[in-house]
Every structure is written in C-alpha cells, then in structure tokens.
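Here is the structure we will look at.
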Amino acid sequence: MSTTRTTFFTMIYKGLLSGLGFVSSAALAWALSKPDRVEFQFAGTIAQTGMTFVGGFTNYYAYALPKYPEDERGVVQTGNVFVGLVSLLVLAAALTAFFTGAGKAADRPWRWALLCMPLTFIFGYGSRLLQASDEIAWLNRVNTLQPLVFLLFVGGLFALPYAARDSARLTGAYAAWVGSFALAAVLTMIIAYRRLRCARTWVWRIHPRHWRETWRYGGWSSISQVVNILNYRMDFWLVYRYLPAAEASVYGIAVVASEVLLNISGSIQSVVFRRMTGPDRRDAIAITELSCRQTLLSSALVALAMCVTFPWLILFAYPGYGAAIVPFFILLPGLVVKAASNIVIQYATNALGQPRTSIWMNGVSALVNAAACVMFLPTLGMVGGAIASTLSYVVSFIIYIVWFSRVSGRSGASLYRIRREDLAPYRRMWDALRRRVGRR
C-alpha cells in the first residue's frame, strides 16, 4: 500500500478513534457530576503519565526492531521481561493502595490510575511492536479497540441510579476504564506476537545487549517523554489544582474536544516511523521535512473544519459546558504546531538516536507553559490556561525549526513552507471524489 493511501486510511482510523473518545467523554458528562467527571479525567492523565514514562523505555524496542531486524527475537524477549516486571511492581503498589487507602476520596483517582497503569504499559508495548514492524493497519485496529470497548461499558452507567453524592456511577466509570484496557492489552499482545516474523517471541528472556540499551537509550527516552507529558498536561493540571472543580471540568471538555485534532494529525507520524528510523539519513531528513509540512497542512484543514462543527457539537453533547467553546478555539492553533513539532522530535529520537535532545526541546515548552499559566490563570481563569498552552507550543516550534536547520544543514523553512507538490495528494483525493460522485 502506498504511503499516501496508508496515511489516508490511518487518518480515518484516527478520526474514528477521536470520535469514540469524544462520544465517551460526552456520555460521562451526562452520567457524572462536574466534579466527578473532572476527577475521572484527572485519573486518566495520571495513568497516561505512567504509560508515557514506561513507554519511553519501550521506545527502545520500537527503535531496535528496524535497526536490528536480524535479532528480532532478542529485542522482543528482552522487552517482555522489562514490561512484565514493571507491570507486576505497579500492580502490587495498586493493590496495596486499595487495601490501605479505601475511603479517602482525595486519593481515589490515584488508586484507580495505579490499577490501570500495568494494563496501559502492556497495551502501549504491544502497540510499539506493531508500529516498529510497520503493521500500521493492525496498529490502527488495536488503537480503536480500547475506546470502543470503554464506550460500550460506559453505556451501562445509565442503568445506575444517579445521586450527586453517590459514587456508584463514578466507580462504574473507573471499572469500565480498567476493564477496557485489560481486554485491549491482551488482544494487542496476541496480535503483535503473531505479526512478528520470529518464533517464540513471547518468551521472557534477558539478552544483555538489549537490556543495557533499554536503560541507556530507553532511560533518556523516558525522561524525554515525561517532560513532554508535563508540557502537554501542564495547563490542565494547573487549572485542576487552582480553579474550582466545576470550571476545571469545563476546561477539561475544551481539552478533550481540541485533542481530536492532535489524534488525527498523528497519522503521519505513525506512517513514517519506520522510514525515519531507517539507516538512510538523507531519506530521514527528506521524510521529516515532507511530513512536517503535510502535518501542518492537514492539521490546519482539520482545525478549520472543527471550528465550524465542534462548537455546535459541544453545545449538543455537553449540556452546561458551553463555556468550553472559547478555550477550545484558543487551543486549536497551538495543537496545529504541536503536531508538527512531534515530527521534529521524532527525527531527533529515531533518526539521530538522540532522545536526550528531545528533553531540552520539551523542557523549554514546559517552562514556557508553566510560566504563562502562573501569569494568566489568576486573572483570566481557564482562558488563561488555553493561552499558556498555545503560546508554549508556538514558541517551541520556532526553536525546533532553528535546531533542525543547524543539525541537518537544511533551511528551516523546509519544515513549514508549503509547496505546490504538497497539495497534490489533496487534489488527487478531491478529483477521485468528484469522479465517484459524478458517476452516481
């Protein structure tokens, strides 16, 4: 399948994935009170942070499979040991937290997040194996599985009696969340093992070379990804911490709606992963430039469509959350450049094998985000959080452009200046659509 066609179908899957997330979020807004809904979202960000931390280590296996195809078994067997041990340790911590912290409402999101984390570790590991094996179609399917199962589980919440102080619905939402990740983790690993070329990849065994690189490459990658998630979630966490729960819940809806854009734009990043990780540096530079421009172009087009449609969707799907529309508009342009920035960061980590470089990249953005939040939140509330987020992404992208120009010897404009040939895939899709409509 051609890169353009693969990207197109990946965007469809990402759109479906984002749609499922949006509908699930709307269902939770109907089923839960505003404080309970924002608590659930906060728990999700905790689990995502843990998944991101461990995912930094498992990035080594995604990096190593294209680099060392002759040792596929050694890479995966070592990954099994690392992910398995980390998952068991966190599961033990989660069970301890449940037995010792029951009844403490303030600790509730942390307890459920710890319980879900081991499942997210396994799910993320399986997804990385599929991505590194260039099994993009299967990757798209398994990434759609978890939110689909969660949405089906969430439907059962409406059968529970609702009371503002009754935790039955919130507990049901947490249980549905953990259950959906359990099913997704098991099926993803089964598929990943079957799509790999070597036999006995499911065995747990440490191969010294890959074990050392797990801690060297993976350790730096983990720090890099944690800094990235700090930057990515800084505004939401500070809004959750300093603003009333009802206002933080409204801002959370703006975040959910705007992240649809980032999910869809991540299609290109998934498709070009293997080429960018390959041994040909000139090809990696060329695909980085093309992917960055295409990401900016496709993200801008999707953002325009969302500006027209999503305000109405928010009003329809989230009664009482209309105030989320203004921060939603402010967040969109920042996520357009954030999507392009992710391509440049992937070049640093995968093409150059320098995860440490991305630490300062994301660190600069996180510092700008935090400083802007401190400046704007007290006076502008949640709108200030949205401004801080977008400002940090724009400043960071400018810095990334300068860095890329220096390390590649190419003009930084090659990352953002749209060319005539960049529009060709869109013209071909438009012509094909017109011909199909014309035949009808």
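The values are calculated or read from the model by the stated rules, or taken from the named source; none is laboratory data. This one's a predicted model, so the numbers in the text were calculated from it and none came from an experiment. Side chains are part of the model used for accessible areas, which takes the heavy atoms of the whole protein and leaves out ligands, DNA and RNA. Shrake-Rupley method; radii C 1.70, N 1.55, O 1.52, S 1.80 Å.
A probe of 1.4 angstrom, applied to the heavy atoms of all protein chains, finds D422 with accessible area near 0 square angstrom.
Residues V364, V23, sorted by accessible area with the largest first, give V23, V364 [1.4 Å probe; ligands and nucleic acids excluded]. For Q354, the residues 5 or more places off, or on other chains, whose built amide H falls under 5 Å of its own are T349. Note that region 199-210 has calculated 3J(HN,Hα) couplings of 7, 6, 6, 7, 5, 8, 7, 8, 9, x, 4, 6 Hz, one per residue in order, obtained from phi through the Karplus relation 6.51 cos²θ - 1.76 cosθ + 1.60 (θ = phi - 60°); glycine and proline are x. When the alpha-carbon atoms of region 300-371 are used, the pair Rg, Dmax equals 16.4, 48 angstrom. Can you compute log10 of I(q)/I(0) for region 333-432 with the Debye formula, treating each Cα as one identical point scatterer, at q = 0.13, 0.16, 0.20, 0.22 Å⁻¹? Debye output, listed in q order: -0.58, -0.77, -0.98, -1.08. Of the solvent-accessible surface of region 37-136, computed with a 1.4 Å probe and all protein chains present, 67% belongs to carbon and sulfur. For region 355-396 versus region 72-139, the spacing of their alpha-carbon centroids is 29 Å. Between amide H atoms placed 1.01 Å from N, distances below 5 Å from Y68 occur with no residue 5 or more places distant or on a separate chain. Across region 84-93, rounded Karplus estimates of 3J(HN,Hα) from the backbone phi angles (6.51 cos²θ - 1.76 cosθ + 1.60, θ = phi - 60°) give x, 5, 4, 5, 5, 5, 5, 4, 4, 5 Hz, Gly and Pro being marked x. Computed from phi, the 3J(HN,Hα) profile of region 297-303 under the Karplus parametrisation 6.51, -1.76, 1.60 (θ = phi - 60°) reads 5, 5, 5, 5, 5, 5, 4 Hz, with x in place of Gly and Pro. Taking each residue as 0.36 nm, the span from A199 to C307 lengthens on full extension beyond its C-alpha to C-alpha distance by 34.0 nm. Dividing the C-alpha radius of gyration of region 14-159 by 2.2 N^0.38 Å, with N its residue count, gives 1.18.
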